[in-house]
Structures are given as C-alpha cells and as structure tokens.
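Here is the structure we will look at.
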Amino acid sequence: MKNGFKVMDSDLHTMEPDGLWERYLEDPFKKFAPRFTRRTEHASNQPVIRIGDLEIGEMSRRPRTAVVGKDLQERAFTRHPHYAMAHARGYDAESHVQAMDIEGIDIAVIYGTRGRQVLMHDDLDPQVAAALARAHNTWTHEYCRYAPQRLKFAAQVAFHDVPSAVAEATRAVRELGAVAVIGTPNPVRGRHVHDPEMEPFWSAVEELGVPVGFHPTGHSSLRDDIARRYLDTPNGRVIGVAGRNPVELMMAFGSMAAGGVLERHPRLRCAFLEGTCGWLPWYLWRLDEAWEKFGPGSEVQISQLPSQYFFRQCFVATDADEKPLRQVVEAIGDDNIVVSTDYPHSDGLFPKAIEEFVHLEGVSEKTKAKILWDNCARLYNLLGTK
C-alpha cells in the first residue's frame, strides 16, 4: 500500500545471477551457458555477455557508453542503502520483497534483465535461444516461490523459432504459472511480429489466456534496433535511450493493430511496457490517418481503425514520474494505463517511484487507483488477488 492505494507493479525486474544458465540449462546446451565479463569501466550490472562465439552488449563494449552506465549506477546506489545490500545479496527474492515494501508495492509482475539480454542477437542458434529461455523460466518460477502471492512472472520466449516459442509459452503458463509471456518488439532474424510465420504463436497465447508484454531490452545487439544508429555518436546513449523504447513499442503496436494480428485474435491482450505513454495519443491518431489513406489498398484488411484495437485489447505503461500522463488521460481516458517502477535498474526511481506517482499533479485520485491496481489486475487476469 502507498498513501492508501493498493499497488501492482506491471514490470519489476530480476537481476539474475551469472550462474543461472550453468545450473538450469539442459545437458546438451550447458556449453552455451552465457559468460559475463565486467571491466573496471563497466557498471557491474551491464556486463559484456558471450554465448559461444557471439558477444552481446553493444553499449558495454564501447568505452564512451560504458562510462555513462557506470556513472548512472553509482548515482543510483547513493539514493538508498538498500541498493548496496541487494547487490551484495545478488538481488535475491528476499531483497526484492524488501524493496517492494520500501516502495509500497503489494504485487509485482517480474520481467527478466539478463533473460532478455541473452536472447537479443539475431545469430543465436534457434535451439540454443529456446534453451536459454527455458532455463530462465524454470529459475524465475523458483525465485517467485519465495513469496508466490506477491511475486508473479512473465515468461521468456525466444522469437528465433516459432514452434519452440509456442512450446515454451505453453509450458511456462500451464506448468510454471507464468501470468504473461514477453514479446520482443524488434524484428528477430528479419521477422516482424505480424509476419504470417508468427500466427501459431499468437494463436497459442490467445488460447492460454495470458497477455503478451512487449518489452525492449537495452543492449542494442539485434540488427534491427533504432538505438544502433547512435552507438558511436557523441552522447549517443542519451539520444538512443530517449527514443529507442517508445519507437520500438510504437512499431510493435502498429504491427499488431494495422498488421492484422489483433483483428485475427480478438481475445489476445497486449501490454507495451517501459517506453512511457506520452507517445500514445499522437500515434493512435497518426496510425488511424495512415490507415484511412493507405489501408483500403493494402493486402491485409482489418475491420476497425488501428486505435480501436488498442482500446479493445491493449495497455500501455506510464513511468511513475511521467508528467504528460495528465494529457494522455485527457486524450484517451484511464482504462488502459498501468504503471511500473523498473526496480532494480539504475534508471528507475527507487525508492520513491510510487511516491512520485501518487503526487502527480492533474491526475485524479480515482484515476491513480485504476492505474496503480485495477488496470494491471485486468491486464494480468489477477482480478481476484487481494
């Protein structure tokens, strides 16, 4: 609870131990366990990752972007002593629940950090990528057992191979209790999320009855990633971070709505996470306008405007301190917005994220209550949770 509000965090993160995959990978894949390298110029939470012959971690490999991450981490650790304690404990489940208590979070839906990063390379062997996702989900399931009423999780799936993604989504939800699956907004191996090859995956997730949470990841190792164009430019970390997540989420929503996925799968729910929400009213208008002009001649037809699919099936996450939220609510209402704190990432606002949110000006108490709990409970089908 925070100031009388029940709080459900739509997107809290684990900071996984390096040895996770060595322990949880099946025997044929153990040789592909990720190896992590931390240099003195790196933030400890932003290593270079090697999987076989592939190296992941574009920002950490470049001195000018690595030093930016290290500076950010150092400033985050000065904000509250819990950071140093949690880091020393390896960000275990107990320290996570303690952080939730400090913030006033009742329930959190867990998304991975390393679990996303190790999958963000187009050239990963598809079966290796699928094995990395399976190992991570098994570990996360055990992690959440520390406080199962408070810790829920979204399952990793590798978009490198569609049948493997279907199989793992099914296992994670039906056997491990995942409340969502994580979607990669970027194209992977040249395949967009509205590619016809992805249809079996969307059918499976729709049947499972859980949402897909589209969530970018910060290593910019996929070939088709907006932040890559800024990697070797002055202040490229700033420019890339400011635009990357919102733009990738915009394109993913465009694929799901204007690309026909939500038309074909009316029971599929989607969340667009960690990319702010201020872009949404403009982009809904822009996408509708584009559809009215170019849609009639397009090869895939939909029966509604793209914006209507958002209101019917989608949610967007606001940052806790997002001042434009007031204008977003005025433009589109408050039924499809959730909130996340992004703990324990250094660019989050811990320990005052929820406090910042409850004191946002121009947003009613009723709307805050919906965003802090009601909408998130609908998104993740946790309406009966207390």
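Structure notes:
- Checking each residue in the stretch 303-325 for being of a type in the set (S, T, Y) and open to solvent by 60 Å² or more (accessible area, probe 1.4 Å) picks out only S303.
- Selection within the stretch 231-240 - open to solvent by less than 70 Å² (accessible area, probe 1.4 Å) and over 22 Å from E322 (Cβ atoms): L231, T233, G236
- Test for A158: is it under 19 Å from the mean Cα position of the chain (by Cα) and either within 30 Å of M1 (Cβ to Cβ) or of a type in the set (A, V, I, L, M, F, W, C) (or both): yes
- Restricted to helices (runs of 4 or more DSSP H) entirely inside the stretch 220-298, those with at least 3 residues that are within 20 Å of V338 (Cα to Cα) and of a type outside the set (K, R) are 236-258, 280-294.
- Within the option set T217, T184, T140, being modelled with pLDDT under 95 and either farther than 24 Å from A377 by Cα or buried (at least 19 other Cβ atoms within 10 Å of the Cβ) (or both) holds for one residue only, T217.
- Checked against the criterion of being modelled with pLDDT of 95 or more and crowded, with 20+ Cβ neighbours inside 10 Å, the candidates F272, F294 yield just one match: F272.
- Subset of the stretch 139-170 (residues that are of a type in the set (D, E, K, R) and outside any loop (DSSP other than H, G, I, E, B)): E142, K152, E168
- Hits in the stretch 171-183 (condition: out of contact with any Ser or Thr (no Cβ under 8 Å at 6 or more places or on another chain) and either not in a loop (DSSP other than H, G, I, E, B) or not small (G, A, S) (or both)): R171, A172, V173, R174, E175, V179, A180, V181, I182, G183
- Total residues in the stretch 241-258, condition of a type in the set (G, A, S), over 15 Å from the mean Cα position of the chain (by Cα) and crowded, with 23+ Cβ neighbours inside 10 Å: 2
- Screening the stretch 230-261 for residues that are of a type in the set (V, I, T) and touching a Ser or Thr at 6+ places or on another chain (Cβ under 8 Å) and picking the one that is farthest from F294 (Cα to Cα) gives I239.
- Any chance V300 is surrounded by fewer than 20 Cβ atoms within 10 Å (Cβ to Cβ), of a type in the set (V, I, T) and under 22 Å from N186 (Cβ atoms): yes
- In this entry, M15 is excluded by the filter for residues that are modelled with pLDDT of 90 or more and either open to solvent by 70 Å² or more (accessible area, probe 1.4 Å) or under 30 Å from K366 (Cα atoms) (or both).
- Looking only at residues of the stretch 29-56 that are among the hydrophobic types (A, V, I, L, M, F, W, C) and not in a loop (DSSP other than H, G, I, E, B), we find that the one that is most open to solvent (accessible area, probe 1.4 Å) is F32.
- The criterion of at least 1 residues that are modelled with pLDDT under 95 and open to solvent by less than 50 Å² (accessible area, probe 1.4 Å) is met, among helices (runs of 4 or more DSSP H) falling completely within the stretch 61-128, by 63-79, 82-88, 114-117.
- Selected residue (criterion: nearest to K152 (Cα to Cα)) from residues of the stretch 188-214 that are in a loop (DSSP other than H, G, I, E, B) and open to solvent by 10 Å² or more (accessible area, probe 1.4 Å): V210
- Members of the stretch 47-66 that are in contact (Cβ under 8 Å) with a residue 40 or more places away in the chain and under 13 Å from R114 (Cα atoms): I49, I51, I56, G57
The values are calculated or read from the model by the stated rules, or taken from the named source; none is laboratory data. These figures come from a predicted structure and were not determined experimentally. Here the Cβ is made from the backbone with ideal geometry for all residues, glycine too, and neighbour counts use every protein chain on show. We work out accessible area using only protein heavy atoms, side chains counted, and drop any ligands, DNA or RNA first. Shrake-Rupley method; radii C 1.70, N 1.55, O 1.52, S 1.80 Å.
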